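Trainee: Shown below is the structure under consideration.
The values are calculated or read from the model by the stated rules, or taken from the named source; none is laboratory data. Predicted model, so just to flag it, every value in this text is computed and none were measured. Here Cβ is always computed from backbone atoms with ideal geometry, including for glycine, and neighbour counts include all displayed protein chains.
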Amino acid sequence: MKRSGLLLLLAFVMLAVQCSCRGKTSSAQTDPTITAYDVERDWTNPDRLIPLNFEQSQGKRVFYEKCVWCHAEATPAGPSNRSNVSPTPSLINDGSILNPLSDEFLRNIITLGGSAMGKSAMMPPWGRTLSQEEIRAVIAYTRAVAQPPYHPPARPASQYSVKQTSKEEGSTK
Ligand code: HEC
């Protein structure tokens, strides 16, 4: 009797250990935000999710197909190739490097490659592989994930802001 009780206890303990291990492996499964195209995890703050609009989500798809190997620390398939590439490509979310570059410059270097823009030929040209639409999308994605955040350059159109016109209207009427 005593012995079977001990065996039963042992069985329970083993079951409990197995359950806790299973719990661990299931939580270590791949991050679902990698495959979700309407959202990207902030690489600098894992608690923050960045919502993506349609164009930005298309850009995320392009990025993870073509660019992630060189412009990210890690890929969904494991470590990236970035540390082996010289000069080291910027992380695609590195606003300190990419925010000052205009959309036009980004479009040109992505379409024509690094060497056409006086930079390293390690940056391949994508003009024959990607459509103009896809290139616009990957730029939109780049802007959306930038840290520090990207602010488009101010345009003269800002004089039409609601605040100003309502004030002016009051004084001219
Ligand atoms: C084989 C590696 C590789 C791949 C793949 C790659 N790039 Fe690059 N990229 C580079 C390198 C290297 C540079 C830096 C060139 C320099 O500084 O001379 C660069 C530079 C850039 C720049 C200019 C800003 C900077 O970092 O200097 C942009 C923008 C860019 N890449 C976007 C992209 C996009 C978008 C894709 C995917 C469509 C892509 N790259 C794919 C290697 C790569």
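Trainee: What are the pairs with Cβ atoms under 8 angstrom where one residue, in region 112-129, is of a type in the set (D, E, K, R) and the other, located anywhere, is near the ligand (Cβ under 8 Å from one of its atoms)? Sequence gap at least six, or different chains.
Mentor: So the pair list comes out as LYS119/ILE109.
Trainee: For region 46-97, give me the residue count where each residue is more than 13 Å from the ligand (Cβ to nearest atom), touching a residue at least 40 places away in the same chain (Cβ under 8 Å) and of a type in the set (A, V, I, L, M, F, W, C).
Mentor: Here the count works out to 2.
Trainee: For region 57-72, how many residues are of a type outside the set (Ser, Thr, Tyr), more than 13 Å from LEU91 (Cβ to Cβ) and surrounded by 19 or more Cβ atoms within 10 Å (Cβ to Cβ)? Outline the logic, then answer.
Mentor: As a first pass, look at region 57-72 and keep what is of a type outside the set (Ser, Thr, Tyr): 58-63, 65-72.
Next cut, more than 13 Å from LEU91 (Cβ to Cβ) only: 58-62, 65-66.
With surrounded by 19 or more Cβ atoms within 10 Å (Cβ to Cβ) added as a condition, the list becomes 58-60, 62.
Counting residues in region 57-72 that are of a type outside the set (Ser, Thr, Tyr), more than 13 Å from LEU91 (Cβ to Cβ) and surrounded by 19 or more Cβ atoms within 10 Å (Cβ to Cβ) gives 4.
Trainee: To continue, here is another question. Please go through region 102-125 and give me each residue that is surrounded by 14 or more Cβ atoms within 10 Å (Cβ to Cβ) and of a type in the set (Asp, Glu), ordered by number.
Mentor: ASP103
Trainee: With PRO100, PRO152 as the choices, which residue is of a type outside the set (Gly, Ala, Ser) and under 21 Å from ASN53 (Cα atoms)?
Mentor: Answer to the selection: PRO152.
Trainee: For region 98-109, which residues satisfy the criterion of being closer than 23 Å to ASP38 by Cβ and either modelled with pLDDT under 95 or within 7 Å of the ligand (Cβ to nearest atom) (or both)?
Mentor: LEU98, LEU106
Trainee: What's the total number of residues in region 116-133 that are in a loop (DSSP other than H, G, I, E, B) and more than 11 Å from the ligand (Cβ to nearest atom)?
Mentor: 2
Trainee: Next question. Would you mention how many residues in region 134-165 are modelled with pLDDT under 90 and either surrounded by 11 or more Cβ atoms within 10 Å (Cβ to Cβ) or within 16 Å of the ligand (Cβ to nearest atom) (or both)?
Mentor: Residues that pass the stated criteria total 2.
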